[in-house]
Amino acid sequence: MKIGILSICTGKYDVYFDTLYKSLKENFLTEHDKTFYVFTDSTKISDDNDVKVIGQRKLGWPYDTMLRFHMFNGIKEELLKNDYVYFFNANMKAIRPIGDEVIPSEENDYLMGGHHPGFFGKSNNEFPYDRNEKCSCYIPYDEGKFYIQGCFNGGRSKDFLEMSEVLAKNIDNDLTNKTIPLWHDESQINWYYKDKNPLIVSSKYIHPESYPHSGDEYMLQLDKNRLGGHQKLRE
């Protein structure tokens, strides 16, 4: 199969790309052909045989992350050449082989995500869904079965891009109404997944580097504080 890998490396986040790229080449869906689509303003990342650079200026916080669906939609026809598409935050690092267990089927509405490690096992009323009724991704209390983190998600290209188009329109409507989703793209994805049956993989696939390790994690979220703090990276 053909697999498309999406990542956004604008501003100082370009420092992560080499680690992300090498770790996914070595450990992620190694039986399939992968193409990396990198949205960046960096001159340090260049086109290669399996790397396609899409010029993207830094938009500032929170737009660099919240407008990711607009970026994906901008290369829709290119992405549809792949069987499946996956998004990774720039600071992800695969540390063990990750295989076909992350490929969603028809049973999963061809979509997948990972349990947020901070909210796994908690009640839905503790999930940080957007509770603002004026927001397009509003989820009432007592609804929802899971809370996924926005750092790793994907699906069959057709279904992933259908989601991307819906969520880009949601965000456009919110901005018109001077509303910003509580957790931006993450709030939108949780809203979209709520009434579907996505494949939800363990938080071991998105384990924060700063959390205690059990030794059986598959992928780490590298600690942004090692590069001067999250806020500095946002600037």
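The values are calculated or read from the model by the stated rules, or taken from the named source; none is laboratory data. All values derive from a computational prediction rather than experimental measurement. No Cβ is skipped: glycine too gets one built from the backbone with ideal geometry, and neighbour counts run over all protein chains shown. What goes into the accessible areas is simple: the full protein's heavy atoms, side chains included, and nothing from ligands, DNA or RNA. Shrake-Rupley method; radii C 1.70, N 1.55, O 1.52, S 1.80 Å.
Annotations for the structure displayed:
- Residue in the range 220-229 that is on the phi > 0 side of the Ramachandran plot and crowded, with 16+ Cβ neighbours inside 10 Å present: no
- Listed by first and then second residue, the pairs linking a residue in the range 59-86 that is within 18 Å of L20 (Cβ to Cβ) to a residue that is open to solvent by less than 60 Å² (accessible area, probe 1.4 Å) and in a loop (DSSP other than H, G, I, E, B), with Cβ atoms under 7 Å apart and 6 or more places separating them unless they lie on different chains, are D64/T10; D64/K58; M71/Q56; Y84/I103.
- In summary, helices (runs of 4 or more DSSP H) completely within the range 1-79 and bearing 3 or more residues that are more than 23 Å from L175 (Cα to Cα) occur at 17-27, 76-79.
- S210 vs. criteria open to solvent by 70 Å² or more (accessible area, probe 1.4 Å), among the hydroxyl-bearing types (S, T, Y) and within 25 Å of I5 (Cβ to Cβ): yes
- Test: residue in the range 81-92 that is surrounded by fewer than 15 Cβ atoms within 10 Å (Cβ to Cβ), of a type outside the set (D, E) and either assigned to a loop (DSSP other than H, G, I, E, B) or at pLDDT 95 or above (or both): yes
- Test: residue in the range 200-214 that is within 15 Å of F87 (Cα to Cα) and out of contact with any Phe, Trp or Tyr (no Cβ under 6 Å at 6 or more places or on another chain): yes
- Of all residues assigned to the range 11-32, at least one qualifies as being touching a residue at least 60 places away in the same chain (Cβ under 8 Å) and on the phi > 0 side of the Ramachandran plot.
- Single residue of the range 20-57 satisfying the filter (surrounded by fewer than 17 Cβ atoms within 10 Å (Cβ to Cβ) and over 22 Å from Y84 (Cα atoms)) that is modelled with the lowest pLDDT: S46
- Residue check, E77 among the charged types (D, E, K, R), touching a helix residue (DSSP H, G or I) at 6+ places or on another chain (Cβ under 9 Å) and open to solvent by 70 Å² or more (accessible area, probe 1.4 Å): no
- Enumeration of residues in the range 93-120 that are in contact (Cβ under 8 Å) with a residue 40 or more places away in the chain, open to solvent by 50 Å² or more (accessible area, probe 1.4 Å) and not in a loop (DSSP other than H, G, I, E, B): K93, D100, E101, E107
Okay, residues lined up against (1) under 17 Å from S203 (Cβ atoms); (2) open to solvent by 10 Å² or more (accessible area, probe 1.4 Å); (3) at pLDDT 95 or above; (4) not in a helix (DSSP H, G or I):
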| position | (1), (2), (3), (4) |
| --- | --- |
| K122 | yes, yes, no, yes |
| S136 | no, yes, yes, yes |
| L161 | no, no, yes, no |
| D174 | no, no, yes, no |
| I180 | no, yes, yes, yes |
| S187 | no, no, yes, no |
